[in-house]
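Contents: one structure, followed by commentary.
No lab work stands behind these numbers, since they all come straight from the coordinates. Here the structure is a predicted model, which means the values were calculated and not measured. Cβ: placed from backbone, ideal geometry, glycine included. Neighbour counts: every protein chain shown.
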Amino acid sequence: MDSFSVFKISASALDSQRKRMNVIASNMANVHSTSTEDQGVYQRKDVLFEATPVDPKGKYEGVKVKEIVIDNTQPIVVYDPAHPDADAEGYVTMPNINIIEEMVNMMMATRAYEANVSAFNISKELFMKTMEIGR
Amino acid sequence: MDNSFYLLENLIHFTNKRHKVIASNIANIDTPDFRAKDLRFSKVLDKELLALTDTHDRHIRSESEKFNKNTTTLESNLIWADRNNVELDIEIAKMTENALLGEASIKLLSTRMRMFKDAVRRR
């Protein structure tokens with residue numbers, strides 16, 4: 001019986017979008033982190049989603065975070081001689097994070113999350129109605 | 001006894017399956033390379049409602065498959081930058097429509113059951 005797999009599908013999407021939100025929040029928090037524990041400047045991270053079957057037959061696909069990838073685009077270099085992490089010429093390497101881009105991604109994650117919540121609720125309604133057969 | 005029980009049971013089954021397919025599309029809205037899927041309904045109608053009884057060998061038979069085995073199909077319309085073609089608004093609309101169809105068939109089935117109960121009770 002895989003009647004409830006529809007909830008697993010929606011739940012997997014909620015979980016994945018939440019993980020994406022965590023990554024985005026981490027990017028936003030580190031927008032000015034010029035150093036990390038392993039010395040270098042903070043590098044922007046992003047999630048990679050992958051469709052994954054929720055039932056043994058693999059007919060219905062949920063989603064999961066395949067991996068958290070590191071964005072290797074060039075860091076932003078700004079001139080700020082007073083900064084403690086500035087190099088000899090006074091340039092500081094800032095993370096490759098565009099705060100507007102992160103905001104847009106966060107809004108998209110929120111919308112996707114909301115869409116899955118409504119899908120979950122519609123499934124629930126349908127199940128409740130099914131329970132009423134013969135009443 | 002008519003085949004309305006059988007038909008409605010199949011219809012409820014179909015809406016449940018289609019619901020899962022649409023939920024899966026919504027779940028994968030940001031998955032690269034994912035293609036939206038759907039179940040087709042026309043073949044069900046053809047097979048179950050419009051099928052004619054063939055009384056002669058040379059009558060043309062319906063070629064449609066049984067809808068339980070009706071496979072999910074790919075739709076290709078527009079493709080986003082991540083090679084994904086899920087359109088959220090369309091999926092939500094489809095899901096609402098499908099849920100209403102499911103509710104309607106459940107209601108019909110309940111009504112049908114009540115009619116039979118009434119027929120048995122009131123001699």
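Computed FRET efficiency, Cβ-Cβ of A:Asp46 and B:Leu100, R0 35 Å: what is it to the nearest 0.05? The computed FRET efficiency comes out at 0.40.
Between A:Ala29 and A:Lys124, take the C-beta separation as r, use R0 = 41 Å, and let me know the FRET efficiency to the nearest 0.05. Don't skip to the answer; put the middle values down first.
Working: r = 35 Å, r/R0 = 0.85.
Calculated value: 0.75.
With the convex hull drawn around the C-alpha atoms of chain A, the volume per residue stands at 121 Å³. Each helix, a run of at least 4 DSSP H residues, gives -39500 (n - 2.57); summed and divided by the residues of chain A, these come to -15500 deg cm²/dmol at 222 nm.
Multiplying the sequence separation of A:Val117 and A:Glu101 by 0.36 nm and subtracting their Cα-Cα distance, what value in nm do you get? Kindly include the intermediate steps, with their values, before the conclusion.
Numbers: separation 16, 0.36 × 16 = 5.76 nm, distance 2.43 nm.
So the chain would gain 3.3 nm between A:Val117 and A:Glu101.
For the pair A:Asp71 and B:Arg122, label points projected 7 Å from Cα toward Cβ lie 7.0 nm apart.
Against the globular-protein guess of 2.2 N^0.38 Å, express the Cα radius of gyration of the protein assembly as shown as a ratio, rounded to two decimals.
Details: Rg = 26.0 Å, N = 258, 2.2 N^0.38 = 18.1 Å.
Normalised Cα radius of gyration, the protein assembly as shown: 1.43.
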